[in-house]
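I have placed the structure first, in the form of structure tokens, so that the comments after it can refer back to it.
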Amino acid sequence: MVSTTQKDDAEWFRCEECGLLFDSEIDATTHERNCDGEDGPSYLQ
Ligand SMILES: [Zn+2]
């Protein structure tokens with residue numbers, strides 16, 4: 001699930017699988033759908 005967080009007076013959307021932050025809920029949801037954080041991310045950074 002994508003969670004929201006406040007940062008720099010703006011709302012960000014965080015992928016709970018790998019922790020990446022997005023400024024768009026659509027981007028975060030799309031990312032998380034393809035995120036393999038649960039299996040151990042191999043592409044981070
Ligand atoms: Zn992710």
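For this structure, a couple of remarks:
- In Hz, Karplus ³J(HN,Hα) per residue of the stretch 14-30 (6.51, -1.76, 1.60; θ = phi - 60°; x = Gly, Pro): 10, 6, 7, 7, 10, x, 5, 9, 10, 8, 10, 5, 5, 4, 5, 5, 4
- Close amide H partners of LEU20, meaning residues 5 or more places away or on another chain with modelled amide H under 5 Å apart, are CYS15.
- Fully extending the segment from THR4 to ARG33, taken as 0.36 nm per residue of separation minus the present Cα-Cα distance, adds 8.8 nm.
- Within-14-Å neighbourhood charge of GLU25 [Cβ basis; K, R +1; D, E -1]: -3
Taken together, the values in this text are just the output of simple stated rules run on the coordinates, not laboratory data. Note that the coordinates shown come from a computational prediction; the quantities given were computed from them, not determined experimentally. Neighbour counts are summed over all protein chains in view; Cβ atoms, including those assigned to glycine, are modelled from backbone coordinates with ideal geometry.
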